[in-house]
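What follows is a single structure, written as structure tokens, with notes after it.
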Amino acid sequence: MSDTAPAYYYPNRMGRVILMAMEEIMGRNGINAALNLASLSSLIDNYPPPNSDLEFSFETISSLQAALEDAYGPRGGRGFALRIGRTCFKYGMREFGTQMGLTEMAFRLLPLSTKLRIGGNAFAELFNKHTDQQVRFEISEDELYWHIDRCPLCWGRHVDQPACHLAVGLLQESLYWLSGGKQFDVEEVQCIAHGDPSCTIVIGRTPLS
Ligand SMILES: [Zn+2]
């Protein structure tokens, strides 16, 4: 990257959420091995503080994703990333749920279609306002679209298949929570690291179960 290229960041508390989720899913030894593999050994036992300073770089986030695939192969790495993404939702709601207004009873009682619209927009706004990630949330008759126009998960990578599995897991769990326990079809169909203009995740509006 040249000196003039912009650097993009997550707030520390969001980087901390990712690392805590990785540790829960992979165990202490597993995350330490991944951090070593990603040349991020400085983060071992030294997670960022839970503050809003924009210091957790997109390079760090994408290196962590690549390390999962290096350590466990494409399939194994994908499985871990999905589970880590789902766990990120749990920790993320503790950090950001109240601020997004999604934990109030009035919201919980809305019909599902309304909750999907309000929840999707609030979620996109959280990233757009508080991180350097850029998201567009769209709704059609049958589907929801989560377009990540600037994506930390695949930042600087080149991949054969869409690789932003953590975002898929995060959306799966947020939909499960929003719907009170339903599963949805969630698939990343485009990825910037695959040469596409955005990382686009398509969600069927009708629950699978
Ligand atoms: Zn991506």
> Do you know the relative contact order of the range 1-126, to the nearest whole percent, from alpha carbon pairs under 8 angstrom that are 6+ apart?
Replying inline: 28
> Rounded, prolate or oblate: which fits the range 124-209, taking a ≥ b ≥ c as square roots of the Cα gyration tensor eigenvalues, rounded meaning a/c under 1.5, else prolate when a/b beats b/c?
Replying inline: prolate
>> Run lengths n ≥ 4 of DSSP H only: what is the helix-derived mean residue ellipticity at 222 nm for the chain, with -39500 (n - 2.57) per run over all residues, to the nearest 500?
In response: -17500 deg cm²/dmol
> Can you tell which of Leu112, Tyr9, Ala122 lies farthest toward the positive end of the dipole of the range 1-137, using +1 and -1 charges on the Cβ of basic and acidic side chains (Lys, Arg; Asp, Glu)?
Replying inline: Leu112
>> Just to confirm a number: summing +1 for Lys and Arg and -1 for Asp and Glu over residues other than Ile139 whose beta-carbon lies under 10 angstrom from that of Ile139, what do you get?
In response: -2
> How many angstrom lie between the C-alpha centres of the range 20-59 and the range 186-205?
Replying inline: 26
>> Using +1 at the C-beta of Lys and Arg and -1 at the C-beta of Asp and Glu, which of Ser198, Ser140, Ser179 has the Cα lying farthest in the positive direction of the dipole of the chain?
In response: Ser179
>> Only four residue types carry charge here, +1 at the Cβ of Lys and Arg and -1 at the Cβ of Asp and Glu. Report the dipole size of the range 96-194 about the Cα centre in Debye, rounded to the nearest 20.
In response: 360
> With axes computed from alpha carbons, what is the tilt in degrees of helix 58-100 against the longest principal axis of the chain, rounded to the nearest 10 within 0 to 90?
Replying inline: 50
> In the neighborhood of His194, defined by Cβ-to-Cβ distances under 12 Å, what is the net charge if each Lys or Arg adds +1 and each Asp or Glu adds -1?
Replying inline: -2
> Roughly how tilted is helix 12-37, in degrees to the nearest 10 and between 0 and 90, from the longest Cα axis of the chain?
Replying inline: 50
>> Quick check: net charge around Gly169, other residues with Cβ under 10 Å of its Cβ, Lys/Arg +1 and Asp/Glu -1?
In response: +2
>> On C-alpha positions alone, give me the angle between the axis of helix 165-178 and the longest principal axis of the chain, in degrees, nearest 10.
In response: 30
> Which residues' amide hydrogens lie under 5 Å from the amide hydrogen of Thr200, considering only partners 5 or more residues apart or on another chain, with H built in the peptide plane?
Replying inline: Ile148, Val189, Gln190, Cys191
>> Using the crude model of +1 on Lys and Arg Cβ and -1 on Asp and Glu Cβ, and no other charge, please compute the dipole size for the range 92-149 relative to its Cα centre, in debye to 20.
In response: 300
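Calculate the dipole size of the chain relative to its Cα centre from +1 charges on Lys and Arg beta carbons and -1 charges on Asp and Glu beta carbons; express the result in debye to the nearest 20.
Computed charge dipole of the chain: roughly 620 debye.
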>> Could you derive backbone 3J(HN,Hα) for the range 38-44 from the dihedral phi with the Karplus parameters 6.51, -1.76 and 1.60 (θ = phi - 60°), listing whole Hz in sequence and x where the residue is Gly or Pro?
In response: 8, 6, 10, 5, 5, 8, 5
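Read-outs: derived from the displayed coordinates by stated rules, not from any lab. No experiment lies behind these values; they were computed from the predicted model shown. Every residue, glycine as well, gets a Cβ built from its backbone with ideal geometry; the counts of neighbours run over all protein chains shown.
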